[in-house]
Amino acid sequence: MQMEHLQRELEKHGYQRIPSNVEQISLFFRIEERQAMGVCLIDDRSQVLGENGMFETVMQKTELLLKGKAQACRLLGLIVTEHMEQEKRRQNSRYNFWLIDTTLKQRIVFENQPGHFFGLEQIVDQVLEKERGESGQGTTWAKQDAERGKENVHTRKNGWNGRFRRTYTSGNVQPWSRYAFSVNTMIVLVNVLLFLWMSLSSENSSLWLYRHGAIQVAEFIADPQWWRLLASAFLHFSFSHLFGNMVVLWYIGNFLEQLIGWWRYLLLYLAVAVGANVLSVAWYWYTYDWNVLTAGASGAIFGVVGMMLYIVIRERGHIQGVTIQQMVLMVIFTLYTGFANSGVNNSAHVGGLMVGFLCGLLFYRGPVRDGGRRFWAGKR
C-alpha cells in the first residue's frame, strides 16, 4: 500500500511522474530554482533490484535523464522493502537512498545518508504515520517512545556492519527543539548574557570590555594575553552591534550545525573566532593602527559563512536549498556593509571568512549529517 500512497502524495506536492517500463519503479521529479529534484521510488518487496548492481544502474539512468531537464540535479532513491537484512548491502552505494520498512512502516536512514531531502522526509513520514494509525501501530510506537524517553530520531546498533536511524513522526520532540538546545543557541545565549552583564554594570563600557576580554592592540602586542583572542569574540559594544551579529549567527549557525554536527560546529566556531582575531591583530600591527579596541562575534560569524561558502561550492552550487548565488551575494553584501561604515573591524571579517573557508578546504569530505557522511577525513 505504501507505493500507491507515496505516488499520490508526491504528485500532490508538485512532483511530475516520468513514464517507466518497469512496473516496480516509479520516477518523479520537480524543478525548483533551475534544479531538478528527482525521486526514484522502487518497490523491492519482490527483490527486483537483486545484487547485480541494478540499483546503481537505475539511479544512473535517472540521473542522466534529470540532467537533461535542468542545470543541476539532486537524486534520492526511495526503496520500499520488507527484506531489511538484505538491504544493508547498499550502505556503500554512491547514490543517496532511504528505505521504507513495510513491516514496521518506518523510514530507515543509514548513517552515511542524508536525513533530509527538500522536505521529502515530511511527505514520506506523513504517509507512514497515517498507515501506522490505520493499522493501530502509531499509538503503540508513541507509547514505546514515551516509556523509553527517546527522541524523534533514534540511532542504535542492530548487529549490522553500520548503524541506522529509525525515524518516527509520533515522537515528542518538535523540529524547533533541535535549535533550542543547539550549541549555536548556547553561543548566542552567552553573547546576550555577557552584554546584559555589561549593561547592568556602572563601569564605563570600554573599560568593562577591556577587563573582560576585548583586545587593545597596543597592549596585546606589548603583552600578549592569548585568552583574549577567544574571549573578545563574545563581547559587544552596543545593542545594535549585538543584535546584528546574533540574527546572522542564529540563522547561519544553526543551519551549519545541523549539517556538520554539534561538536564539529563548536570546534569550528572556536577556531574561526581565534583565527579571525589573530589576523585582525596582525593587520592592525602591520598598518600601525595600534590604538584600536576590538571585540565582537562578527569575525567568527564570517568564519561560519566561509565554511558554508566552501560546502556549497564543494556540493556543486547547492545544498539543502542554499545556492552558491545566495552565498556569494551574502558575502558581498556583508563585506560591503562593513567597508561602507566606519568603526567596523573589516580585517576580522575578511580574516574570519578566510579561516572558515580554509577549515572547509582542510576538513570537509562530503555531505554531512543530520545523517550524512563523515566530516573529518571521511569517505566520499
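The values are calculated or read from the model by the stated rules, or taken from the named source; none is laboratory data. Because the structure is a prediction, the values reported are computed rather than measured. Cβ placement follows ideal geometry from the backbone for every residue including glycine, while neighbour counts extend to all protein chains displayed. Accessible surface is based on the protein model in full, side chains and every heavy atom, while ligands, DNA and RNA are left aside. Shrake-Rupley method; radii C 1.70, N 1.55, O 1.52, S 1.80 Å.
Couple of notes before you dig in:
- Look at the range 204-223: where a residue is on the phi > 0 side of the Ramachandran plot and a partner is part of a loop (DSSP other than H, G, I, E, B), sitting 6+ places away or on another chain with Cβ atoms under 6 Å, you get Gly213/Leu235.
- Scanning the range 223-235 for residues that are hydroxyl-bearing (Ser, Thr, Tyr), in contact with a strand residue (DSSP E or B) (Cβ under 7 Å, 6 or more places away or on another chain) and farther than 30 Å from Pro114 by Cβ turns up at least one hit.
- Only listed residue being open to solvent by 40 Å² or more (accessible area, probe 1.4 Å), within 15 Å of Glu82 (Cα to Cα) and in contact with a strand residue (DSSP E or B) (Cβ under 8 Å, 6 or more places away or on another chain), chosen from Arg30, Arg45, Arg17, Arg34: Arg45
- Note on the range 77-103: residues that are modelled with pLDDT of 80 or more, open to solvent by less than 50 Å² (accessible area, probe 1.4 Å) and hydroxyl-bearing (Ser, Thr, Tyr) amount to 3.
- Flag if Val190 is at pLDDT 95 or above and either of a type in the set (A, V, I, L, M, F, W, C) or open to solvent by less than 50 Å² (accessible area, probe 1.4 Å) (or both): yes
- Every residue from the range 193-224 that is acidic (Asp, Glu) and either at pLDDT 95 or above or within 20 Å of Ala282 (Cβ to Cβ) (or both): Glu219, Asp223
- The range 104-120, subset of a type outside the set (Val, Ile, Thr), surrounded by 20 or more Cβ atoms within 10 Å (Cβ to Cβ) and more than 17 Å from Leu27 (Cα to Cα), residue nearest to the chain's Cα centre (by Cα): Pro114
- Members of the range 309-339 found to be of a type in the set (Phe, Trp, Tyr) and either over 16 Å from Met354 (Cα atoms) or surrounded by fewer than 18 Cβ atoms within 10 Å (Cβ to Cβ) (or both), listed by number: Phe333, Tyr336, Phe339
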